[in-house]
Amino acid sequence: MRAAPGFLTEREGRFLALVAACAPAGGTILEIGSFKGKSTVGLASVAQRYDLGPVVAVDPHSAPAVTDFGHGSGQSSWNDFQASLRSAGVERTVEAHRAYSRDLARGWTRPIRFLWIDGDHTYRGAKEDIDLFRPHLVPGAIVALHDVLHTFEGPVRVFAEELLDSDDFGPAGLCGSIGWAQYRPHDGSTWRGARRALRRRISRLLPFVLGPEPKGWRKLRYKLWRGLVPHDAVKPEDWLALVRGAW
Ligand SMILES: C[S@@+](CC[C@H](N)C(=O)[O-])C[C@H]1O[C@@H](n2cnc3c(N)ncnc32)[C@H](O)[C@@H]1O
């Protein structure tokens, strides 16, 4: 995973691997947005090691979203994506779809135990991804979005409005810039207080992502509020204790 090009930190990569291995639910791991395969390699290495079935990875590999690195350059990440999978020896554990998430969603029927959203970071794009695949989450599944602590509008708003504000979700938190929540439709309200406390801290970031890109003093203020959102590395045993009640 370290060798593959991409934007995940070590902390975030370790967290993704933990979720892939331990999300307490049966079903598929679905990745939206693969780029050159960094997170795909992490998820697939775990899936291969623990015989969890193929990771489904969807990306048109054309940087179509305005939030994409290289947007408008016409360059494809497909060859680098395949090279990353080959070097890591996981190409047979990845079911790659060179498509938009909305196209994959059209014929999708499989239950999902880990939904990893790292595609179009506009509000419309991130909201569409959660709306399209949420009906397929199984109780206990984990939803995670990348770049929640970034000034893109999509991930932070969807994390706040669709996950933290909803009693369908239970425990929630951040690890690095990954915001995650567990789908707990039967007992999610038990965590309402904790989700609201986190929501209050996340709410302070929203004025900065809704307006123009923060600069100068505004940027400093954004960074100050962002620093007050808990986003440390998770201890696997603590995280498991939080989510395993869903078994
Ligand atoms: C931030 S990158 C993904 C990074 C990757 N997860 C990693 O670990 O390096 C975002 C990717 O989302 C893809 N993308 C943009 N819009 C998409 C959509 N509607 N459906 C699927 N993928 C999309 C882009 O092509 C780009 O490769």
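Where a number appears in this text, it was derived from the coordinates with a stated rule and is not lab data. The structure displayed is predicted, hence computed values, not measured ones. A quick note on method: Cβ atoms are made from the backbone with ideal geometry, for glycine too, and the neighbour counts reach across all protein chains shown.
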Considering the range 120-146, residues that are in contact (Cβ under 8 Å) with a residue 40 or more places away in the chain and part of a strand (DSSP E or B), and then whichever is nearest to A63 (Cα to Cα), we arrive at A144
Criterion first (within 21 Å of T9 (Cα to Cα) and of a type in the set (S, T, Y)) does T151 satisfy it? yes
Being among the hydrophobic types (A, V, I, L, M, F, W, C) and assigned to a loop (DSSP other than H, G, I, E, B) is the filter; apply it to the range 23-37 and report the residue that is farthest from I117 (Cα to Cα). A25
Restricting to the range 84-139, count the residues that are under 17 Å from the mean Cα position of the chain (by Cα) and among the hydroxyl-bearing types (S, T, Y). 4
Please return the ranges of helices (runs of 4 or more DSSP H) entirely within the range 160-247 where 1 or more residues are under 18 Å from R134 (Cβ atoms) and not β-branched (V, I, T). 192-203
Among (1) near the ligand (Cβ under 7 Å from one of its atoms); (2) within 26 Å of P135 (Cβ to Cβ); (3) surrounded by fewer than 24 Cβ atoms within 10 Å (Cβ to Cβ), there is one condition G27 misses while meeting the rest; what is its number? (1)
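In this structure, is A160 touching a helix residue (DSSP H, G or I) at 6+ places or on another chain (Cβ under 9 Å), crowded, with 17+ Cβ neighbours inside 10 Å, of a type in the set (A, V, I, L, M, F, W, C) and farther than 23 Å from F69 by Cα?
Taking the combined requirement at face value, the residue satisfies it.
Please tell me if T109 is closer than 17 Å to F133 by Cα and either within 9 Å of the ligand (Cβ to nearest atom) or not hydrophobic (A, V, I, L, M, F, W, C) (or both).
Yes: the conditions hold for T109.
Name the residues in the range 67-97 that are of a type in the set (A, V, I, L, M) and within 13 Å of the ligand (Cβ to nearest atom), would you?
L85, A88, V94, A96
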Condition set among the β-branched types (V, I, T) and closer than 20 Å to P24 by Cα, scope the range 176-209, selection surrounded by the most Cβ atoms within 10 Å (Cβ to Cβ): answer is I178
Please go through the range 30-66 and pick out each residue that is touching a residue at least 12 places away in the same chain (Cβ under 8 Å), away from the ligand (no atom under 15 Å from the Cβ) and at positive phi. G53
